[in-house]
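First the structure, in the form of structure tokens, and then the observations on it.
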Amino acid sequence: MSEKLKNIFDPPEKVQRIYEAISELVQENREIAALKVQEITSRAGIGKGTAYEYFSSKEEIILHAGFWICFQQNRELLKELEKYDDFQSKFMFLLGWMENHKEQNELLIKALKGSFHGECTQLKELIPEGLIEKAKEYMTRQINRLFDLGYREGIITIQDEEKRMIVFFGTMMQYRFMSGMSKEEYKQFIYECMVKSLN
């Protein structure tokens with residue numbers, strides 16, 4: 001990573017344009033593996049050489065874009081969640097939000113797996129030191145804020161953070177495989193399953 005990119009979440013304006021270009025291409029259902037740096041920089045309105053002033057490879061560009069997009073979405077999500085007062089409303093909104101941002105969420109998952117470039121053995125070297133740990137801590141803190149609200153409302157009884165996280169991520173994975181019900185019915189079913197698991 002270039003010394004110019006000391007803070008992945010507050011990038012220079014040109015780098016932000018690269019990230020936004022990737023986000024747009026993903027929303028257009030473009031296959032990550034098929035994207036070329038020239039195509040990304042052309043969409044961003046900058047020269048291909050500019051990208052290599054900040055990044056060493058396409059893999060690094062996409063990986064960093066995935067983190068940046070995830071961070072931007074999280075900021076937006078937390079702002080929107082503040083509009084809801086109770087645990088159930090917040091959780092149901094969260095499910096809908098995940099569905100609406102599915103393509104962009106997949107970008108980070110693919111980037112972390114290295115699936116945009118087969119088995120990327122150097123992937124760990126492309127991630128800024130301590131970033132994964134910080135991201136996990138931040139995510140755990142935000143999810144437990146939500147569960148603390150559910151606990152205060154008497155909806156859930158389990159306070160163990162590790163168990164909460166296991167149930168939360170299991171629930172989120174299950175939500176990705178909706179079938180046989182309407183979206184609203186399935187959201188309600190997922191909510192009820194999660195509540196039962198945390199009591």
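The values are calculated or read from the model by the stated rules, or taken from the named source; none is laboratory data. Just so you know, these numbers come straight off a predicted model, no measurement behind them. Heads up, the Cβs are rebuilt from the backbone with ideal geometry, glycines too, and the neighbour counts pull from every protein chain shown. Side chains are part of the model used for accessible areas, which takes the heavy atoms of the whole protein and leaves out ligands, DNA and RNA. Shrake-Rupley method; radii C 1.70, N 1.55, O 1.52, S 1.80 Å.
Go through the residues of the stretch 32-49 one by one and say whether even a single one is among the basic types (Lys, Arg), surrounded by fewer than 16 Cβ atoms within 10 Å (Cβ to Cβ) and modelled with pLDDT under 85. No, every residue in the stretch 32-49 fails to be among the basic types (Lys, Arg), surrounded by fewer than 16 Cβ atoms within 10 Å (Cβ to Cβ) and modelled with pLDDT under 85.
Taking Lys196 as the residue in question, decide whether it is in contact with a Ser or Thr (Cβ under 9 Å, 6 or more places away or on another chain), open to solvent by 60 Å² or more (accessible area, probe 1.4 Å) and part of a helix (DSSP H, G or I). Judged against the criteria, Lys196 is not a match. Taking the stretch 55-132 and the helices (runs of 4 or more DSSP H) fully enclosed by it, the elements with 2 or more residues that are at pLDDT 80 or above are at 58-81, 87-100. Restricting the search to the stretch 161-180, which residues are open to solvent by 80 Å² or more (accessible area, probe 1.4 Å) and either at pLDDT 85 or above or more than 18 Å from the chain's Cα centre (by Cα) (or both)? Within the stretch 161-180, Glu161, Glu162, Lys163, Ile166, Ser179, Gly180 qualify. Scanning the stretch 133-160 for residues that are surrounded by 13 or more Cβ atoms within 10 Å (Cβ to Cβ) and either among the hydroxyl-bearing types (Ser, Thr, Tyr) or assigned to a loop (DSSP other than H, G, I, E, B) (or both) yields Thr140, Tyr151, Ile155, Ile156, Ile158.
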